[in-house]
1. From the phi of every residue in the range 30-42, what ³J(HN,Hα) in whole Hz does the Karplus formula 6.51 cos²θ - 1.76 cosθ + 1.60 yield, where θ is phi - 60° and glycine or proline is x?
2. If you bin every alpha carbon distance in the range 1-60 into 10 Å steps from zero, what whole percent lands in each bin?
3. Give me Tyr2, Tyr121 sorted ascending by neighbouring Cβ count inside 10 Å, so fewest comes first.
4. Go through the range 106-122 residue by residue and turn each phi into a ³J(HN,Hα) via Karplus (6.51, -1.76, 1.60, θ = phi - 60°); whole Hz please, and just put x for glycine and proline.
5. Expressed in nm to one decimal, what extension gain is obtained for the pair Leu130 and Val10 from 0.36 nm per residue of sequence separation less their Cα-Cα distance?
6. Please turn the phi angles of the range 97-103 into ³J(HN,Hα) values with the Karplus equation 6.51 cos²θ - 1.76 cosθ + 1.60 (θ = phi - 60°), one per residue in order, whole Hz, x for glycine and proline.
7. When the dipole is taken about the Cα centre of the range 57-133, and only Lys, Arg (+1) and Asp, Glu (-1) are charged at their Cβ, what size is it in debye, to the nearest 20?
8. Can you give me the distance in nm between label points at Trp52 and Thr113, each placed 7 Å from the Cα along the Cα-to-Cβ direction?
Amino acid sequence: MYLVLKLFHVSAVIIFLGNIITGLFWKAHADHTGDPRTMAHALAGIIRSDRWFTIPGVVAIVATGVLTAMIGGIPILGTPWVRWSVVLFAASGLAFMFRVAPLQRQLLGIARTAPFDQARYRAASRHWELWGIAALLTPVAALVLMVLKPVP
C-alpha cells in the first residue's frame, strides 16, 4: 500500500508542477503576440487548467503525502525534510490563493476590456510573473527536499 500511495503522490506532483510550468509558458507565448484576444484565451485556459489540474493536484498531494507518511511511519513534523516540504508547499498555496489566482482574473478582465490597456496589463502581468515564479519555486524546492531527504 505504501508504494501505491507513493506512486499516486509522485504522479500528483508531476501533474501539479507540470500544469504550473505550462501555464507560465502559455501566458508568455500569448503575451508575445500582443493580441488581447489571444492573451484572454490563454488566461481563460490557465484558469480552467488550474481548476482541473492544479487544485485537484493539491488535494491529491496532501492526501497521499499524509497517508504515505502515516503508513511509512514517517513523523510529518518530526522529520525535517518533510516538515520543510510542507512549509514550502503551504507557501506556494498561499501565493497562489492570495496573489496568482486574483491576478489571473484581473489580467483576464483587462485583456477582455476594449480598448485594451497595454500598460495596465503589463504592470499586472509583472506581478503575476513574480508571484507565479514564487508559487513554482517553493514546490520545486519541496520536491528537491523530498527526493534528496537531506539530514541536518
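All of the numbers you see were taken from the coordinates with simple rules; none came from a lab. Quick caveat, the model's predicted, so the values are computed rather than measured. A quick note on method: Cβ atoms are made from the backbone with ideal geometry, for glycine too, and the neighbour counts reach across all protein chains shown.
1. 5, 4, 4, 6, x, 8, x, 5, 5, 4, 4, 4, 5
2. Histogramming the range 1-60 at 10 Å steps yields 23, 40, 23, 11, 3, 0 percent.
3. Tyr2, Tyr121
4. 5, 4, 4, x, 5, 5, 8, 8, 9, x, 5, 9, 4, 5, 5, 4, 5
5. Residue separation times 0.36 nm, minus the Cα-Cα distance, leaves 40.6 nm.
6. Here the 3J(HN,Hα) series is 5, 9, 10, 5, 4, x, 5 Hz.
7. Taking the Cα centre of the range 57-133 as origin, the dipole is about 220 debye.
8. It works out to 2.9 nm between the two label points.
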